[in-house]
Amino acid sequence: MLTNKQKIINDPVFGFIKIPDALLFDVLQHPYVQRLGRIKQLGVSNFVYPGAVHTRLLHSLGAMHLMDEAVKNLREKGIDISESEHKAAMVGILLHDVGHGPFSHVLENTLVHGVTHEEISLMMMQRINADLTISEQINLEGEIERPLDEAIAIFTDNYPRHFLHQLISSQLDVDRMDYLCRDSFFCGVTEGSIPTERLLKMLNVHEDRLVVDNKGIYSAEKFLVARRLMYWQVYLHKTSVAAEQLLIKILERAKYLASRGEELFGSPALRYFLYNNIGRGDFTSDSEALRQYALLDDSDIHSALKVWAQHDDIVLRTLSAAYTNRCLFKGKEYPTMPSDSELEVYKEHYMKEFGVSAEDAVYFFSPHTIRSHTYSAKDDSIDILYPDRTIRNIAEASDLWSLRSLTKTVQHHYLYYLKRTSKN
């Protein structure tokens, strides 16, 4: 029986998004991709912005839609992009975040070591490619076609046409365009809104590099300013970072207790990472580590936290209850990182309050530095194309006085600490 694999999805940000062919539909239906629908895009940001509960799957679909529009616009300008390249670029961006775990950056600092979500994304893409190749589609030369080979080459920047990779990953890619629009929409932070349609219309290609037509320089400036505002208002909001630091301390404590043989509640996938030291060497596209990682989503962490809030260990119990009941770490800003003597005061306070050792007291506070820079001319720069075919970096071409300041790294030093404990 034939199945209609051309679908339309109603997206609250961009309207109707088309799934135009069978390959994209099959990729979307893969369990690795569907899992993204159970992982929030912004992790703990809903503690600050209650509407920020949209998923990584929705973001991936939005980015795929913008890739479709970007390629169509480039074709209208005479850039030769084949149907195969068009489809591969859409597959590549649909899968660009497939390696994210629940509370991704928290997970990378606690349960999984030495491997990034980008590396896991590539392994998952290779696994999906193998799964979709099982049907052994034979081409005219009698060779087995692996449907994602071209998409993986574009994703890893091993494809001859570099600008296609830049559409997926650069300082002005469709990934960033979508998450700025989407995150500002769901958070209600209007400062993050960007002129996406005009930006896409202004994209061009010069000597195999993605550029912006000079008429679009103001839209590119707006994009950079919006990105800066979103980082400090949303992504690096001190309360969001406080929640992340609390969650890191909880998972570190759970990992420590597991190493001591303590029995901890958890899904099989979560327990796999708690009771084993999993690092880069354990991950391959067909490994048990990857299979277990693909089973993790937000519900594994949330269900464990609710149960751990009743655990016998006072550190795990107190921190898990605090997170569950939104009694988050408080943040105190310092001009420089707090000194050892200042940290010692906090350590002694928690030793006395909870009757714990010095080693256990350090779980109740966390010194942390937040760093961000909006634009780096050393990376794939945002280049402006002029009618005489000359190119200028936007940091040099812009007359916006504040744009040069966006290249500087800004940092803030905080001490995050537990202010009050749960009554449970």
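The values are calculated or read from the model by the stated rules, or taken from the named source; none is laboratory data. On a predicted model such as this, the values are computed, not experimentally measured, just so you know. So basically every Cβ, Gly included, is an ideal-geometry build from the backbone, and we count neighbours across all protein chains shown. Each accessible area value is taken on the protein alone, full model and side chains, heavy atoms only, with ligands, DNA and RNA left out. Shrake-Rupley method; radii C 1.70, N 1.55, O 1.52, S 1.80 Å.
What about PRO31, is it open to solvent by 30 Å² or more (accessible area, probe 1.4 Å) and under 28 Å from ARG291 (Cα atoms)?
yes
Of all the residues that make up region 89-122, how many are farther than 16 Å from ALA269 by Cα, of a type in the set (Gly, Ala, Ser) and open to solvent by less than 10 Å² (accessible area, probe 1.4 Å)?
Residues in region 89-122 being farther than 16 Å from ALA269 by Cα, of a type in the set (Gly, Ala, Ser) and open to solvent by less than 10 Å² (accessible area, probe 1.4 Å): 3 in total.
Right, SER193: at pLDDT below 95 and over 20 Å from ARG371 (Cβ atoms) or not?
Criteria met by SER193.
Among the residues of region 299-314, count how many are among the β-branched types (Val, Ile, Thr) and either under 25 Å from the mean Cα position of the chain (by Cα) or crowded, with 23+ Cβ neighbours inside 10 Å (or both).
1
For PRO160, all conditions in the list (1) in a helix (DSSP H, G or I); (2) open to solvent by 20 Å² or more (accessible area, probe 1.4 Å); (3) not aromatic (Phe, Trp, Tyr) hold save one; what is the number of the exception?
(1)
In this structure, is LEU296 surrounded by 20 or more Cβ atoms within 10 Å (Cβ to Cβ), over 27 Å from LEU57 (Cα atoms) and in contact with a helix residue (DSSP H, G or I) (Cβ under 6 Å, 6 or more places away or on another chain)?
Answer is no for this residue.
Tell me, please, whether a residue that is more than 12 Å from the chain's Cα centre (by Cα) and within 23 Å of PRO147 (Cα to Cα) can be found in region 34-50.
Within region 34-50, one or more residues are more than 12 Å from the chain's Cα centre (by Cα) and within 23 Å of PRO147 (Cα to Cα).
Of all residues in region 49-72, how many are farther than 30 Å from LEU270 by Cα and open to solvent by less than 10 Å² (accessible area, probe 1.4 Å)?
Residues in region 49-72 being farther than 30 Å from LEU270 by Cα and open to solvent by less than 10 Å² (accessible area, probe 1.4 Å): 5 in total.
Please enumerate the residues belonging to region 188-207 that are assigned to a helix (DSSP H, G or I) and either touching a strand residue (DSSP E or B) at 6+ places or on another chain (Cβ under 7 Å) or open to solvent by 30 Å² or more (accessible area, probe 1.4 Å) (or both).
THR190, GLU191, GLU197, ARG198, LYS201, MET202
Restricting attention to region 315-341, report how many residues are open to solvent by 70 Å² or more (accessible area, probe 1.4 Å) and among the polar types (S, T, N, Q).
3
Go through region 223-240 residue by residue and tally those that are within 17 Å of PRO102 (Cα to Cα) and open to solvent by less than 10 Å² (accessible area, probe 1.4 Å).
Total satisfying the criteria: 1.
Anything in region 263-283 that is open to solvent by 60 Å² or more (accessible area, probe 1.4 Å) and under 14 Å from GLY99 (Cβ atoms)? List them, or say none.
ARG280
Going residue by residue through region 214-222, is there one that turns out to be modelled with pLDDT of 95 or more, assigned to a helix (DSSP H, G or I), over 18 Å from ILE391 (Cβ atoms) and not aliphatic (A, V, I, L, M)?
no
Among what's in region 9-28 and is at pLDDT 95 or above and open to solvent by 60 Å² or more (accessible area, probe 1.4 Å), pick the residue that is farthest from VAL53 (Cα to Cα).
PHE16
I'm trying to understand the selection: among the residues of region 377-424, which are at pLDDT below 75 and within 30 Å of the chain's Cα centre (by Cα)?
Those that are at pLDDT below 75 and within 30 Å of the chain's Cα centre (by Cα): ALA377, LYS378, ASP379, LEU400, SER402, LEU403, ARG404, SER405, LEU406, THR407.
Of the conditions (1) at pLDDT 90 or above; (2) open to solvent by less than 50 Å² (accessible area, probe 1.4 Å), GLU344 satisfies every one except a single condition; which number is it?
Condition (2) is where GLU344 drops out.
Given the criteria crowded, with 18+ Cβ neighbours inside 10 Å, closer than 26 Å to HIS165 by Cβ, modelled with pLDDT of 95 or more and out of contact with any Ser or Thr (no Cβ under 9 Å at 6 or more places or on another chain), does GLY78 qualify?
Spelling it out, it is not the case that GLY78 is crowded, with 18+ Cβ neighbours inside 10 Å, closer than 26 Å to HIS165 by Cβ, modelled with pLDDT of 95 or more and out of contact with any Ser or Thr (no Cβ under 9 Å at 6 or more places or on another chain).
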